[in-house]
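Report on the following structure.
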Amino acid sequence: MPLEIYNTLSRSKQPLQPIVPGRVGLYVCGMTVYDYCHLGHARLFTAMDMAQRWLRVLGLEVTYVRNITDIEDKIIKRAAENGESVGELTERFIRYMNEDFAALGLAVPDAEPRATEYVPQMLALIEQLQQKGLAYQADAAASGEEGDVNFAVRKFAGYGKLSGKSLDDLRAGERVAIERSKRDPLDFVLWKHAKPAEPSWPSQWGAGRPGWHIECSAMASETLGDTFDIHGGGPDLIFPHHENEIAQSEGAHGVPLANLWMHCGALRVGDEMMSKSLKNMLTIREALKKYDAEVLRFFLLRPHYRSQIAFTEALIVEARTALSRLYTALRGIDGDGQPLDWSEAHARRFHDAMNDDFNTPVAFAALFDLASEVNRSKSPRLATQLRVLGQTLGLLHQAPEQFLRGSDDDSAGIELLISVRATAKKEKDFAEADRVRKALLEKGVVLEDGPDGTTWRRR
């Protein structure tokens, strides 16, 4: 079956029909770099990494763009609080972001534009909107402030089509700040006038800096064109960010911004979405101190990308156990080094699941059934199928023994105890052998006796 993706705009699955046959442009709204990335961010970017990997498996030439917002209100505020420059703050957190994403196995995007590098394109886009009557500069005398340039929401006929919100139902002040410089409380800022000690750029409307929404519109069109194939993001970006992107880009260019809008589900803590504003976040680097990186990736990918995930310790433990099943099946079997055979039943089931809106729950079910078959048959061909299918999701890259034993440095001590147990068994001191097994089990180490000796893994 061909690849179908759920389109937030049409609220239905649609076949992917690339604008240029054989090529796909994917734009994902990236990080605002003023703090550490948390697991909610990991949820989004792991899902998008999974999607771009699968597009490549299908033989498509992918241009994966993930921007960096390096100028924004929160950034300026945090830099001032820290007594450092905006550049120093953003460079540091870009470095931390790259370290975290590399640990989770996220591929480096094909393009990673930074907002500060595209200010000329943003100014040109704002000028187009003003020429078309969709943008206006606030009257400084009436507002008592320098004149921001705002987007006139009610002059764009399609506003609300992505989120399903009507203008009449939107409540001023709910997600949009009321300012005297706006003709309508729903209008949003495109260009902010310069304030003392803040970064600014010259423009025909006076010194200032871009609004958040115009940044993505300019970077997306500059890197992928006025219309591209897929725009991705988190659920919190549908409104107002993506709604505003559509209004700006389509208002200026007169063509659809993206043919498919792909949004992942939220990572929740209790009844709330994990976010910095709610102060309920667990940063990626904090999580990596507690959990194996591949286990975290598995945990984030196993549910469908559009579903919400509840973050609990029990689910992480369950993810470790499930991933261990796949690695246990691979242990002790050398693959045959052959490419994937998509006609094999499990691989075909996996392929069809992924083409059905990246249905990872069904894809993983195929992997677990294949693992059971590998356990029964010990077939190198099926072991290769299992490993390579897992690797299309960014998993199963480790040696099985390495993963199953974990990353602790007490391997030598465990091996010593296993040799003590082996000696006890040889001398028929079964009470001592049983004592060693129980002692290791209390440490979370499971022994497995086989014809070739004793192996061990983490529980």
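Hey, can you tell me all the residues within region 295-319 that are within 20 Å of the chain's Cα centre (by Cα) and open to solvent by 20 Å² or more (accessible area, probe 1.4 Å)?
Taking region 295-319 as the starting set, the residues that turn out to be within 20 Å of the chain's Cα centre (by Cα) are 295-312, 315-316, 319.
Arg302, Pro303, His304, Arg306, Ser307, Gln308, Ala310, Phe311, Thr312, Leu315, listed by residue number.
Within region 354-363, not a single residue is surrounded by fewer than 18 Cβ atoms within 10 Å (Cβ to Cβ), under 24 Å from Asp449 (Cα atoms), in contact with a Lys or Arg (Cβ under 8 Å, 6 or more places away or on another chain) and not polar (S, T, N, Q).
Scanning region 255-265 for residues that are open to solvent by 10 Å² or more (accessible area, probe 1.4 Å) and not in a strand (DSSP E or B) turns up Val255, Pro256. The lone criterion from (1) under 30 Å from Leu282 (Cβ atoms); (2) small (Gly, Ala, Ser); (3) crowded, with 17+ Cβ neighbours inside 10 Å left unmet by Ala138 is number (1).
Considering the conditions (1) polar (S, T, N, Q); (2) without any contact (Cβ under 8 Å) to a residue 40 or more places away in the chain; (3) part of a loop (DSSP other than H, G, I, E, B), Ser275 is excluded by exactly one of them, (2).
Residue check: is Arg114 at pLDDT 95 or above and either open to solvent by less than 80 Å² (accessible area, probe 1.4 Å) or under 24 Å from Pro240 (Cβ atoms) (or both)?
For Arg114, the condition - at pLDDT 95 or above and either open to solvent by less than 80 Å² (accessible area, probe 1.4 Å) or under 24 Å from Pro240 (Cβ atoms) (or both) - is met.
Any residue in region 326-353 that's within 28 Å of Met1 (Cβ to Cβ): show its pairings with residues that are assigned to a loop (DSSP other than H, G, I, E, B) at Cβ separation under 8 Å, as long as the two are six or more apart or on different chains. Once the first residue is within 28 Å of Met1 (Cβ to Cβ) and sits in region 326-353, its partners that are assigned to a loop (DSSP other than H, G, I, E, B) give Leu326/Leu395; Leu326/Leu396; Ala347/Leu340; Ala347/Asp341; Arg348/Trp342; His351/Trp342; Asp352/Met1; Ala353/Asn359.
Here is a list: Ile284, Ile316. Which entry is in contact with an Asp or Glu (Cβ under 6 Å, 6 or more places away or on another chain) and under 29 Å from His41 (Cβ atoms)?
On the way: Ile316 fails: in contact with an Asp or Glu (Cβ under 6 Å, 6 or more places away or on another chain).
None of the others qualify; the one that does is Ile284.
For residues that are charged (D, E, K, R) and in contact with a Phe, Trp or Tyr (Cβ under 7 Å, 6 or more places away or on another chain), scanning just region 67-103, find the one that is farthest from Phe45 (Cα to Cα). Talk me through it step by step, then tell me what you get.
At the first step, the residues of region 67-103 found to be charged (D, E, K, R) are 70, 72-74, 77-78, 81, 84, 88, 91-92, 95, 99-100.
Next, from what is left, pick out any that are in contact with a Phe, Trp or Tyr (Cβ under 7 Å, 6 or more places away or on another chain): 72, 74, 78.
Details: Glu72: 21, Lys74: 21, Arg78: 24 Å.
Per the stated criteria, the residue is Arg78.
Quickly run through region 281-308 and pick out the residues that are more than 26 Å from Val388 (Cα to Cα) and not small (Gly, Ala, Ser). Spell out the reasoning first.
The first filter runs over region 281-308 and keeps only residues more than 26 Å from Val388 (Cα to Cα), leaving 281-287, 289-290, 308.
Hits for region 281-308 are Met281, Leu282, Thr283, Ile284, Arg285, Glu286, Lys289, Lys290, Gln308.
The values are calculated or read from the model by the stated rules, or taken from the named source; none is laboratory data. Bear in mind that the values here come from a model prediction, so they are computed numbers and not experimental data. Using ideal geometry, Cβ is built from the backbone for each residue, glycine included, and neighbour counts are taken over all protein chains shown. Quick note on the areas: whole protein, heavy atoms, side chains included, nothing else; ligands and nucleic acids left out. Shrake-Rupley method; radii C 1.70, N 1.55, O 1.52, S 1.80 Å.
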